[in-house]
């Protein structure tokens, strides 16, 4: 069996465990997947922004090559290159390559035969032969994919000796775009650091471009940059392939997402929330412990002390719970009832049931207390024993009911006789009564005892069996000690009562219905 405090502790621990499990379950099964899905959607948009940024770069290059290809001077040059060399001298300059970040310009006729090609080294900032940049027959590649002479335009990516690059191809016509295609113009643009920085600024991604090929083991399992889905799910860093216009990977792009968007299963915010959720029941438990358990524990400890000492007392500590407070009040009422009953029982144990005056037990305690008080204060004390004359004959003649009534009358007479709080009267036997009086001088004490005998006789209770009178009478033996001092401390109460018995016996011997009064002092009785 455990204490209520331990039960509350177990409840708190169980509640905390359930709370943590529910919180973690909600976090793991509901909230975290939602956060993860949100972050994945955000990363998907970032990849989409990267794809759109690259597409925008291709579109810008397409716009530039279109502006050049749909120009009458270009149209005339392709139709008759020998007659328009001035066109090359005026337009194919280093400044042209630098302005558009180009590394190659190629002119084709309508059958994708190369008319003119020029390369550019960005490192040396000089014009170089085109085959140093493009070392493969572009005409054959395009011819196999495009019907010659068609008004075709397109863009994409290709591998060059200068590294992966963007290209844009546009059919050539006059400025009014009325003439049929006379050839094709291709611009090849290098991927520069400024372009990468612009993409990073737009997408908030960290990008790293690295040339690659199909034989590169790093490309195994890596999907194309144009793939719209996050095949790996949430990742802080992922890799994508940039394919050329034939679908062959030419560049490995390492993409690092914004680290601030990294979802955490359990972060500081979740820990704080969990702590707050645990602090509330902890504070509640401490409040309950202070306002309920502690008062209840104090009352319980007090009850345990009562049991150990065998003394009942009311519980002073109030309880905040109505039912417990009602229990406390009921306990206090029970204690009051027990005390009341104890007083009644004590009164019954100290009272003679017939006469209503003190019994022998009460007399022994009261007489002993009066004797000790007399010894302490040195005041006079009178001990007397009253015995009804021929009372056995009274009962035999008139019956016990009459005898009981007579005893009640004697009890009432004694009660009227001992009116002071320091005086005691008691029934100590069948027809024997005792009286203790303190603070009276000898003459007054002797007079009062004589008046007591006369009061009994004055009751005029008819006694047909008496040899000395027609009414019920009594004999009294009295012992008076005028000034008990230190010499009397060794004198026990029982010894005094023995002396009083002797005086009663003397009164009986002298003819009954009389008082034998003796003034006692050490070492001899006084006169």
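Compared with the dominant principal axis of the Cα atoms in the chain, helix 442-458 is inclined by about 80°. Against the chain, whose longest principal axis comes from its Cα atoms, helix 322-349 is set at around 10 degrees.
Restricted to Cα atoms, segment 181-241 shows a radius of gyration and a Dmax of 15.5, 50 angstrom.
Two decimals, Cα atoms only, Kirkwood Rh: what is Rg/Rh over segment 268-348?
1.30
Within 10 Å of each residue's Cβ, count the other Cβ atoms and sort 188, 500, 223 from fewest upward. Let's see the in-between values first.
Numbers: 188 28, 500 23, 223 15.
Lowest count first: 223, 500, 188.
With neighbours defined as other Cβ atoms within 10 Å of a residue's Cβ, the residues 265, 312 order from fewest to most as 265, 312.
With N set to the residue count of segment 360-520, report its C-alpha Rg divided by 2.2 N^0.38 Å to two decimal places. Before the final figure, lay out each step's value.
Values: Rg = 15.6 Å, N = 161, 2.2 N^0.38 = 15.2 Å.
Taking N as the residue count of segment 360-520, the ratio is 1.03.
Highest mean first, the peptides 205-212, 140-147 sorted by other C-beta atoms within 10 Å per residue fall in the order 205-212, 140-147.
Can you give me the orientation-averaged projected area of the convex hull built on the Cα atoms of segment 8-129, in nm²? Mind showing how you got there, number by number?
On the way: hull surface 55.6 nm².
Computing the convex hull of the Cα atoms and averaging its projections yields 13.9 nm².
Compared with the dominant Cα axis of the chain, that is its longest principal axis, helix 4-26 is turned about 10°. Based on alpha-carbon atoms, the Kirkwood radius and the radius of gyration of segment 1-266 give Rg/Rh equal to 1.26.
Inverting the pair-averaged 1/r between distinct Cα atoms of the chain gives 36.0 Å as its Kirkwood hydrodynamic radius.
Throughout, read-outs are computed from the coordinates displayed, never taken from laboratory work. Remember, predicted model here, so these are calculated numbers, not experimental data. Here Cβ is always computed from backbone atoms with ideal geometry, including for glycine, and neighbour counts include all displayed protein chains.
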